[in-house]
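One structure is given below, encoded as structure tokens.
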Amino acid sequence: MVQEITLPDTKGIRTALDKVDFKDAYATTNHSNNLEEIAKMIFDQNPRWLQTLFKIRGFFGVYLGLKKHAPADYKDDFKVGGHVKFFKIYSIDPNEIILGANDNHLNFRVSIYNAGTLKNNIQLSTLVKYHNRTGKIYMQLIAPFHRMVIRYMLQRATQN
């Protein structure tokens with residue numbers, strides 16, 4: 001089960017962005033997989049309905065200046081500078097991975113954190129810094145979809 005939680009106070013979250021304009025956090029329980037496996041469980045396999053949402057985002061994103069293609073430095077390696085799907089890996093610590101992307105209108109970071117607790121140990125947090133009004137409007141438009149998608153994606157990492 002996925003639950004909304006308070007943003008954890010981790011080093012990765014504190015240093016991911018110099019300013020945070022949007023944030024949320026959700027948690028689930030998984031004591032069977034390591035963080036690399038969990039990151040791939042969350043982001044790798046997307047059903048058709050989610051792929052369709054990402055295509056719609058890509059279509060409208062062109063008008064907002066969103067990047068539509070993989071960056072020139074794209075590497076499918078699980079190490080700092082590598083990528084998990086379309087997110088660059090910014091840091092890997094024993095209990096936390098920071099992934100993200102930078103665009104003209106906002107910077108986006110995701111923390112996957114293992115709190116080491118019995119319940120809700122896997123905590124997924126989203127942080128966004130707006131660069132301009134377009135970034136703010138974009139987040140206001142996608143926030144309801146973002147919350148739905150994040151809950152769905154994190155559910156895939158729940159220990160059965």
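Where a number appears in this text, it was derived from the coordinates with a stated rule and is not lab data. Here the structure is a predicted model, which means the values were calculated and not measured. No Cβ is skipped: glycine too gets one built from the backbone with ideal geometry, and neighbour counts run over all protein chains shown.
Scanning region 3-27 for residues that are under 18 Å from N121 (Cβ atoms), in a strand (DSSP E or B) and out of contact with any Asp or Glu (no Cβ under 9 Å at 6 or more places or on another chain) yields one hit, Q3.
For beta carbons closer than 7 Å, sequence separation of 6+ or different chains, a first residue in region 140-158 that is at positive phi and a second that is assigned to a helix (DSSP H, G or I) and among the hydrophobic types (A, V, I, L, M, F, W, C), there are no qualifying pairs. Screening Q123 on (1) more than 9 Å from the chain's Cα centre (by Cα); (2) surrounded by fewer than 22 Cβ atoms within 10 Å (Cβ to Cβ); (3) among the polar types (S, T, N, Q) shows it passes everything except condition (2).
Go through (1) of a type in the set (S, T, Y); (2) in contact (Cβ under 8 Å) with a residue 60 or more places away in the chain; (3) surrounded by fewer than 21 Cβ atoms within 10 Å (Cβ to Cβ); (4) over 11 Å from G12 (Cβ atoms) for Y90 and report which single condition fails. Only one criterion in (1) of a type in the set (S, T, Y); (2) in contact (Cβ under 8 Å) with a residue 60 or more places away in the chain; (3) surrounded by fewer than 21 Cβ atoms within 10 Å (Cβ to Cβ); (4) over 11 Å from G12 (Cβ atoms) is unmet by Y90, namely (4).
Based on this model, can you work out whether A157 counts as of a type in the set (G, A, S) and surrounded by fewer than 21 Cβ atoms within 10 Å (Cβ to Cβ)? So A157 does not fit the description; no.
The numbered conditions (1) out of contact with any strand residue (DSSP E or B) (no Cβ under 6 Å at 6 or more places or on another chain); (2) aliphatic (A, V, I, L, M); (3) surrounded by 15 or more Cβ atoms within 10 Å (Cβ to Cβ) are all true for M139 except (1).
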